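Attaching a single structure in structure tokens format; questions to follow.
The values are calculated or read from the model by the stated rules, or taken from the named source; none is laboratory data. Given the structure is predicted, the values throughout are model-derived calculations rather than measurements. Virtual Cβ from ideal backbone geometry, glycine too; neighbours counted across all protein chains shown.
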């Protein structure tokens, strides 16, 4: 999608769709546990409420405390605009945009961790340290996945490189990217978004001190990131982009829904892992992606 | 002709500035130095914007060799940071190393600064082996005297000695390199050598000599302590410019000479290893200047990896990804010079204000030092290689080359993919490192009295930081401005001599960066406006509802990197001293962790001890008893006689 209006429309689409996902996950978890659970649109209500609320801020925080969430949100939205949203396409596409996407996510991480450190709280220090350290392995896995996609499509642009090959590479990529999705979005088994113990949290503890509109921006950014990773996962594995627009949109929606239900099911069945096991799981994800790369090379040679 | 005149004026001004380094004339010194670097900068920019390369054959000055100078696009590319950092460092030093605070060494510092700039320019323009070596030696010596400006402190002297010894070990390799080259080509004059494949193996000697200067792993032993203990403006020029001389040498001679087929692989592997190990060590540091020094090793690694890929491409007949990687590497020379000097200036400003380099003894400085804090933050974003600043642009080129090469079948694809993974992990650790550095120093609450009462630096120190931060932003948003210069240097380096065309994606990337910057400004503005509208209340930091948090309860620099230090224990080999809390009435408990340099403490140190021990043993034979000495002579003569008669018998 090109043109200024088209890009704005695409951005609005991403922004409006994103908060659906956490609602669906909560619904799935409630369903597995036999509860009724909050409505699917709960996050929209929460965001609306937070936007109206006042802000309490630490004495120690600099202006970066408010700017951090804003920068992170823009960075994630920018990254999302580079990923083709099914038939709607991308906001911008060029050779090497995949690297811009990866590093925009890194910018978001920088801004979030920076804002967390603003308060001088040891808990937030812990969260930020975990976030940036675990991201090393997650990023390596993500780069390996992108390398695999780039090798099998011979392209360096997200618009043309998300061409699933099917077979073993797709299975390996799906496993690797799903694990990275759980880690990057701080879901079980890496992090527990519902825990009440600050000592064991990663992402949630980084935003402990945020309130009001900045917290709304953070929560929305998190849902946007979840949508981005789900779309990326689905399009790397299913031939979304090669279908006619209605079928393509339906397949993408179905795939994202399946992914999100998967996240909810994992969350219902697993407990959070001990921190020392997190690197092992991330290394496994990295290996899945590296093996996908090997398969892609094989495909190229054969 | 104009280029020659500009360079001559620049050299003349810099030489005459030496006369005014004293306290009374320090204004004039600064004016002359700035004029000198401006003239040289103009010459370099003229060459980079397409003027014909300048070459000059002069009279005999050193030994029996006529002077031969040359300024082509490669020299000019490296001359630009010399001029920029040389000028800004001189301005910065006016306050940072002022006559008032350093009455003993300020004038000396100015004089050696001029010598350093002159020698750097000579190294970059010399086109004759002897002149090159002369410039190289003066550069090493002036760096030594700059590092040891504050020579009353023992650790400064130790760092200086380590530097000069390591530097001379490298120079030794270069002496051998130039001498062998001269012997085989029949002259000391340097220039494109052409197809002489038998000379290729000499490149390894050059790589050794220049690798020491560049601080590539495992030749980096001098780097951390020298950068940490030198005055901060000196650290800035050492890191931003000095290390690049090693890179210049590698670029220069891999362009002029035939290189061994495996040189590309060697550079690629060294680069990847330097990047990962360097940044892991950086993350584990608690001293901000040592952290920056180790991070320089990482950036040198990125540059070397790019150059290695370019050499690999040349031997694979693949011009396209090689040119991208070479352009990325050369652009990273500029990027690193800008953001690392900025960060060293920032660290110097903090050191100036608080008197400590330990990050865990600072904190909360954004309130008292807003200029330093905000420019350091820009530098931290740039060095983390995230958009929209200059660090991302140069790494983006290197990655493009790597991703392209990864699609190639065979070993090149394998190698490129592995290096891409290594650089990606290194990039993520770099981000963690600079979140830590920025947050520990500038965020939270002050951990010591000195940090509480810190004051912002004055205009002389602020201006260079602001200018460098602006450079990082401008190059990041408008990379097309610098592309022609980098492309000309790549063209001058590549055997084909053709400057690569700008990739079409660069303009799009630039637009994306500008859009990102605009969006960030708008959204931050909106959010701040919204927060003002709904009302802002200040309160305590939420620490699990604990009502009296103290500054000492904050996360420290060591704890921030604890997880990563645990992962990389096998290479960091931390030394720990732990006194546990014991008994019902425990005495003081303590925990000290330090991370010595791997190569220095585990390889160079033990080997040096071994040599010393052997020498001490051998020394027992020298005891001053004449009788024994006569016995030695007799034994020697007998052995010689035996050898001679045995040889005669055969």
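Could you list, in sequence order, the residues of the stretch A:32-62 that are away from chain B (no Cβ under 14 Å) and either in a loop (DSSP other than H, G, I, E, B) or in contact (Cβ under 8 Å) with a residue 60 or more places away in the chain (or both)?
The answer is A:32, A:33, A:34, A:35, A:36, A:37, A:38, A:39, A:40, A:41, A:43, A:46.
Restrict the check to the stretch B:563-584 and report whether at least one residue is buried (at least 19 other Cβ atoms within 10 Å of the Cβ), within 9 Å of another protein chain (Cβ to nearest Cβ) and without any contact (Cβ under 8 Å) to a residue 12 or more places away in the chain.
Yes.
Of everything in the stretch B:352-385, what is part of a helix (DSSP H, G or I) and under 20 Å from the mean Cα position of the chain (by Cα)? Give them in sequence order.
Within the stretch B:352-385, B:375, B:376, B:377, B:378, B:379, B:380, B:381, B:382, B:383 meet the criteria.
Hey, could you check the stretch B:348-376 for residues that are buried (at least 23 other Cβ atoms within 10 Å of the Cβ) and at the interface with chain A (Cβ under 8 Å from one of its Cβ atoms) and say which is farthest from residue B:520 (Cα to Cα)?
B:363
Considering every residue within the stretch A:222-242, establish whether at least one is more than 22 Å from residue A:98 (Cα to Cα) and either at pLDDT 85 or above or in a helix (DSSP H, G or I) (or both).
The answer is no, given that none of the residues of the stretch A:222-242 is more than 22 Å from residue A:98 (Cα to Cα) and either at pLDDT 85 or above or in a helix (DSSP H, G or I) (or both).
If you don't mind, there's one more thing I want to ask. Exactly one condition in (1) assigned to a loop (DSSP other than H, G, I, E, B); (2) surrounded by fewer than 20 Cβ atoms within 10 Å (Cβ to Cβ) is false for residue A:210; which is it?
All conditions pass for residue A:210, except number (2).
Taking the residues in the stretch A:79-104 that are within 9 Å of chain B (Cβ to nearest Cβ) and within 13 Å of the chain's Cα centre (by Cα) as candidates, determine which candidate is surrounded by the most Cβ atoms within 10 Å (Cβ to Cβ).
The selected residue is A:104.
Here's a follow-up. Scan (1) under 23 Å from residue B:597 (Cβ atoms); (2) not in a helix (DSSP H, G or I) for the single condition residue B:192 breaks and write down its number.
Answer for residue B:192: the failing condition is (1).
Then there's this: So, in the stretch B:414-446, of the ones that are outside any helix (DSSP H, G or I) and surrounded by 24 or more Cβ atoms within 10 Å (Cβ to Cβ), which residue ends up farthest from the other protein chains (Cβ to nearest Cβ)?
B:443
Please tell me if residue B:162 is touching a helix residue (DSSP H, G or I) at 6+ places or on another chain (Cβ under 8 Å) and under 30 Å from residue B:262 (Cα atoms).
Spelling it out, it is not the case that residue B:162 is touching a helix residue (DSSP H, G or I) at 6+ places or on another chain (Cβ under 8 Å) and under 30 Å from residue B:262 (Cα atoms).
Is it the case that the stretch B:400-411 has a residue that's more than 20 Å from residue A:299 (Cβ to Cβ), assigned to a helix (DSSP H, G or I) and within 7 Å of chain A (Cβ to nearest Cβ)?
yes
Another question about this same structure. Please enumerate the residues belonging to the stretch B:512-539 that are more than 7 Å from every other protein chain (Cβ to nearest Cβ) and without any contact (Cβ under 8 Å) to a residue 24 or more places away in the chain. Spell out how you get there, then give the answer.
Within the stretch B:512-539, the subset more than 7 Å from every other protein chain (Cβ to nearest Cβ) is B:513-515, B:517-518, B:521-522, B:525-526, B:529, B:532-533.
Within the stretch B:512-539, B:515, B:518, B:521, B:522, B:525, B:526, B:529, B:532, B:533 qualify.
Of the residues that make up the stretch A:267-276, is at least one buried (at least 23 other Cβ atoms within 10 Å of the Cβ), modelled with pLDDT under 95 and in a helix (DSSP H, G or I)?
No, the stretch A:267-276 contains no residue that is buried (at least 23 other Cβ atoms within 10 Å of the Cβ), modelled with pLDDT under 95 and in a helix (DSSP H, G or I).
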